[in-house]
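Take a look at the structure set out below.
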Amino acid sequence: MAVIGTAVPRKEDPRLLRGRGAFTDGFHARGELWARIVRSPVAHGTVRTVDVTRARQARGVAAAVTAAELPPGLAIPIRLALRGLPLTDYLQPVLAAGVVRYVGEPLAVVVAGDAYAAEDAAELVDLDIEPLPAVLDAAAAAGDGSPRLFPAGNVAADVTLDYGDPEAAFARAAHVAETEIEIGRHTAVPLEPRALLAEPDPRTGGLSITGMTKVPVFNRDVLAAMLGIDETLIHVRAIDAGGGFGVRGEFYPEDYLVPWLARTLGRPVKWAEDRAEHLVAVNHSRQQVHRIRGAFDGNGRILALADDILHDNGAYCRTHGITVPELTVAMLPGPYRVPAFRGRIRVLLTNKTPCGTYRAPGRFEGTTAREQLLDMAADQLGIGRAELRRRNLLRPDELPCRRPLTTLGTDVVLDTGDYPALLAAAEAEAARLGYQALVAQGREAGRRRGLGLAVFLEKSGLGPQETADVMVSKTGTVHVHSGGTSLGQGIETVLAQIAADALGIGMDMVRVVNGDTALQPYGSGSWASRTTVVAGNAVHAAAAAVAGRARQLAARMLEAAEDDLVAADGMIAVRGDPRSAVSLAQIARAAAPAGGHLRPGEPAGLAARRRFDVTHMTYPYGVHIAVAEVDPGTGEVRVLRYLVAYEVGRAVNPVLVEGQLRGGVAQGIGGSLLEEFSYDETGQPQAVTFMDYRMPTAAEVPPIDVLVTQQARSPGNPLGVMGAGEGGRGPGQRRAGRAGPGGQRRAVAADPGAGHRPDRGNTTSREPEVTHATCTVDARGPR
C-alpha cells in the first residue's frame, strides 16, 4: 500500500471546516482573569514613571504590574545563538524600566476579570516618558553622530563570510555590474493573532499552558528556567493554530508575563492579542540595503560576487539573534558557480519593532538582490537573462558542491540536484501555458508588460533532532506523538501518511498529536521547513520499528517465518493463506507491557520511540516566472500570471506541496508590492491597521501555476524528502523602495534600457557600469 506520494485529503480539514478546531481563544478556565499589556507610545525615551495607582483602583482589577514588581534582570532569550555572539548587551527586557526603544514595547500589564475591564484599566496607567531622538535609518545608526541606543553602540554584529579571492577576480573581470537594492520592512500576518492561557495547579505548583506554538518544548524550558521551576511541571497543550510563518510561537514578553501572573495570583490568566498590537509587537522582518557587485568574464560567467549589506534589526536582538543576517550572506551565492565570494552584513539597531524570521528568512532578501544583479548584468552584457543564468548554474556533475561557508551551525553543501534541467522545465512550462504570448499580446495593445524570471536555492530540514513515538493501542489505532507543531501546514496529514505507509495500514487508522509536551517532551518544533524532513523521518523510523516488532510477534502467533508474512490493511497474514492472519489490535494486546524489546525510555507495548538527528540541511531549489504589467501613469504593478517550478526530492502529499507554494507566492506579492512598515520622523509607525498595512487580496493574486518535480531525492534522509514550506517566497521581488517620513518612496534600479545601447554590455570594461534611475512615488503618482 503506497500512501506516501498520494494526494489524500487533509485529516485536519473535517474538524476545521466544521468549526471544531481547537484554537487558543476558544479555551477558557473557570475563574480566569484577562491580561492587557500597556505599551510605549514613544519610540525612544527615558521612562520617568509608570504609575499604575489608578489602574489598580479600577473596578474588577486583580493586579497591575510594572518592571519593579518582576524578578530583576529578566530578558527575552535568543533561541538561535550563532557564531559565538551572545548579544547580551542588546536583549529586550520583559518589561521596560529606564528606557523605551520602540513604539509598542511593553511597560506594564493589567489583569482584570474580563477583557474589557482589563483594557479600560490599562488606559488608566499614567506614563511619564521624556522623548529622546529616534534612530530610524540603519545607515545613520552606524554613524558616529547617531544617538546611542545602547552603551555598547548601535552595531549589534558585523559579520563577513568569504572564500576565494574576490578582489583579484574583480581586478581581472571583463565586466563588473553593481547596484543597490532595498528590501522593504514587513511581517507575517497570520489569520489568528497570538493568544495564551496559563492555568496554575495549586497542588503541584505547575502550569498548564495553551497557545505556545512552533517551539513548545523550547518555550517550556525557557519559561521553567525563568520561573525557577522544573520543566516537567509545565504542560504545553497541543492546539490548532491559524498560521505562524516564523513570527508566531517564539518566546515573547507575554510568554513570561501570563504564566508568571497565573502562578503569582493563583488563578488562570488569559491574554489575546488584537491586530493593532500584532502589527507593532511581533517580529518584523526583511529590511535590508544591499550594495551588491558581480564580476563576469567575457562570456558572462561569474568570477565573483560581493555584497555589503545593512540589516535594520529594530530595537533589540531577540528570539533569532543574527539568524536572518547570517542566512542572507551564506545563501547569497545560490545555485550558481561562484568561484569567489565576499559578503559583509552589519546588524544595526534602530527605534523600530525588533526583527526576526519570516517565511524564507535571508533567502528572500539575498535572492532578491542577486537575481536583480543578474538581470542588470544580462542587459549590460547583451545576453538573455535566462541564458546568463544557464551559463552559471552548477551542473549535476559539479555536485556535491562544498562551499567553505557555514550557516545555522552547519556546512553549506549542495548535495543533489539538476538546476539547469529545472530551469529548462520551467521555461517549457511557461511557454506551454502561454506566458510569452500573454506578454506579446499586451505589448501589441500598447501595454507595458514583461516576463520576469528568478532561480533560487532554499534550505530545509534543519536539526539538531526530532523525536517521535508510534504506538498501537489495543483497538488497533496507531498513535503518533510528534514534536512538530501544527501551524496550518498540514503535518497531521503528512505524518499520518508516513506512519501508514510504513505500517501498511489506511490513514483512517492513524491519529497524530503534535506539540503536546506531556506526550512528546523531546520535540524541537516546526520551523525552517524542517517538519517533513526531520519529524517525518523520526516518525518513519519509529513506525518501521513498530512494523518490525509486529511482524516478529505475528510470526510467533501464526507459527510462521517472518519472511512468509505480508502486511496490508492493518492485518499481517501468511503469504498465500489469508485465513492465517492476525490484526494489529490482536498483536498489540499480545505485546508484553514491559516490552523487553524496547529501548530505554520507549513506551511499553507495541510501540517505539525514535530520534532522527540532522547534521546537514537539505537544499531544495526552484524557478519562478511571472508576467507583470506596469501602468506608467500611476506606477501600479499588476502580476498577471505566476509559475513556480520546485524540486522537493519526494512529495509526501503533492497537493499540500502545491498549497504551500501558492500561499508563499501570495505572501511574496504582498511583501513586494503592498505590505510595508513605515515610520514618521519621531518613530511613530504609520501602519497599525489593515487600512494602512495593505494585504494582498484575491484581486492582487494572479492565477498561480505550479510544477513540482521529484527528480533529486535527498541523500541525507531515508525518505529522500526536502522541505517545501518556503519555496513560494524564495526568489523575492524588489520593492518600489522605502517609504520616508513624508510617505514618499525612493527606488534605485538598473537602467532597464542598458542592454540595448551600443555603449553598454562592453565585455572589455574593467570599471563598474552602474546606471541608477531614481523615481519618487506619492499619492499623485510617479514624478
Of the residues Thr634, Thr615, which single one is more than 24 Å from Thr532 (Cβ to Cβ), assigned to a loop (DSSP other than H, G, I, E, B) and touching a Gly at 6+ places or on another chain (Cβ under 9 Å)?
Thr634
Consider Leu197 carefully, then state whether it is in contact (Cβ under 8 Å) with a residue 12 or more places away in the chain, surrounded by 24 or more Cβ atoms within 10 Å (Cβ to Cβ) and either of a type in the set (Gly, Ala, Ser) or in contact with a strand residue (DSSP E or B) (Cβ under 6 Å, 6 or more places away or on another chain) (or both).
yes
Out of the residues in segment 673-695 meeting the condition of being more than 22 Å from the chain's Cα centre (by Cα) and not in a loop (DSSP other than H, G, I, E, B), tell me which one is surrounded by the fewest Cβ atoms within 10 Å (Cβ to Cβ).
Pro685
Considering only segment 310-331, I want to know if a residue exists there that is out of contact with any Cys (no Cβ under 9 Å at 6 or more places or on another chain), in a loop (DSSP other than H, G, I, E, B) and either more than 30 Å from Leu132 (Cβ to Cβ) or of a type in the set (S, T, N, Q) (or both).
yes
By residue number, the members of segment 105-155 that are over 30 Å from Arg54 (Cα atoms) and loosely packed, with under 13 Cβ neighbours inside 10 Å are Ala139, Gly143, Asp144, Gly145, Arg148, Pro151
From the residues in segment 431-459 that are hydrophobic (A, V, I, L, M, F, W, C) and in a loop (DSSP other than H, G, I, E, B), which one is most open to solvent (accessible area, probe 1.4 Å)?
Ala445
Which residue pairs have Cβ atoms under 7 Å apart, sit 6 or more places apart or on different chains, and have a first residue in segment 313-329 that is over 25 Å from Leu95 (Cβ atoms) and a second that is charged (D, E, K, R) and outside any loop (DSSP other than H, G, I, E, B)?
Leu327/Arg363; Thr328/Glu365
Those residues of segment 468-478 which are open to solvent by 40 Å² or more (accessible area, probe 1.4 Å) and part of a strand (DSSP E or B), in sequence order
Met471
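Every residue, every condition in (1) hydroxyl-bearing (Ser, Thr, Tyr); (2) within 19 Å of Ile76 (Cα to Cα); (3) without any contact (Cβ under 8 Å) to a residue 24 or more places away in the chain; (4) touching a Pro at 6+ places or on another chain (Cβ under 7 Å), yes or no:
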| residue | (1), (2), (3), (4) |
| --- | --- |
| Lys214 | no, yes, no, no |
| Met226 | no, yes, no, no |
| Ile229 | no, yes, no, no |
| Leu233 | no, no, no, no |
| Ala238 | no, no, no, no |
| Gly242 | no, no, no, yes |
| Leu265 | no, no, no, no |
| Val269 | no, no, no, no |
Check on Thr66, crowded, with 17+ Cβ neighbours inside 10 Å and among the polar types (S, T, N, Q):
yes
Looking only at segment 175-191, decide whether some residue is more than 26 Å from Val282 (Cβ to Cβ), out of contact with any strand residue (DSSP E or B) (no Cβ under 9 Å at 6 or more places or on another chain) and at pLDDT 95 or above.
no
Looking for something crowded, with 16+ Cβ neighbours inside 10 Å and in contact (Cβ under 8 Å) with a residue 60 or more places away in the chain - is there at least one such residue anywhere in segment 552-565?
no
From Ser146, Ser208, grab the single residue that is under 30 Å from Glu32 (Cα atoms) and over 22 Å from the mean Cα position of the chain (by Cα).
Ser208
Here are some residues: Thr319, Thr353, Thr406. Which one is among the polar types (S, T, N, Q) and at pLDDT 95 or above?
Thr353
In the set Ala81, Ala117, which member is outside any strand (DSSP E or B), under 30 Å from Gly246 (Cβ atoms) and either in contact (Cβ under 8 Å) with a residue 40 or more places away in the chain or touching a Gly at 6+ places or on another chain (Cβ under 8 Å) (or both)?
Ala81
Read through the list (1) in a loop (DSSP other than H, G, I, E, B); (2) surrounded by 23 or more Cβ atoms within 10 Å (Cβ to Cβ); (3) charged (D, E, K, R), then give the number of the only condition that Asp255 fails.
(1)
Can you name the residue in segment 20-35 that is over 27 Å from the mean Cα position of the chain (by Cα) and open to solvent by 50 Å² or more (accessible area, probe 1.4 Å) and is also nearest to Val135 (Cα to Cα) among such residues?
His28
Residue count, segment 93-104, condition closer than 27 Å to Glu182 by Cα and either surrounded by fewer than 22 Cβ atoms within 10 Å (Cβ to Cβ) or of a type outside the set (A, V, I, L, M) (or both), comes to 3
Note: among Asp312, Asp307, just one is acidic (Asp, Glu), over 18 Å from Asp25 (Cα atoms), under 20 Å from the mean Cα position of the chain (by Cα) and surrounded by 22 or more Cβ atoms within 10 Å (Cβ to Cβ), namely Asp312
Give the number of residues within segment 218-249 that are of a type outside the set (A, V, I, L, M, F, W, C), modelled with pLDDT under 95 and open to solvent by less than 40 Å² (accessible area, probe 1.4 Å).
7
What residue, of Val110, Val65, Val94, is on the phi < 0 side of the Ramachandran plot and touching a Phe, Trp or Tyr at 6+ places or on another chain (Cβ under 8 Å)?
Val94
Considering every residue within segment 437-447, establish whether at least one is touching a residue at least 12 places away in the same chain (Cβ under 8 Å) and polar (S, T, N, Q).
no
For segment 346-403, what are the residues that are β-branched (Val, Ile, Thr) and closer than 21 Å to Ala528 by Cβ?
Val347, Thr357, Thr367, Thr368
Test set (1) in contact with a Leu (Cβ under 6 Å, 6 or more places away or on another chain); (2) touching a residue at least 40 places away in the same chain (Cβ under 8 Å) - Pro696 fails condition number
(2)
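The values are calculated or read from the model by the stated rules, or taken from the named source; none is laboratory data. Note that this is a predicted model, so its numbers are computed, not measured. Here the Cβ is made from the backbone with ideal geometry for all residues, glycine too, and neighbour counts use every protein chain on show. SASA here: full protein model, heavy atoms, side chains in, ligands and nucleic acids out. Shrake-Rupley method; radii C 1.70, N 1.55, O 1.52, S 1.80 Å.
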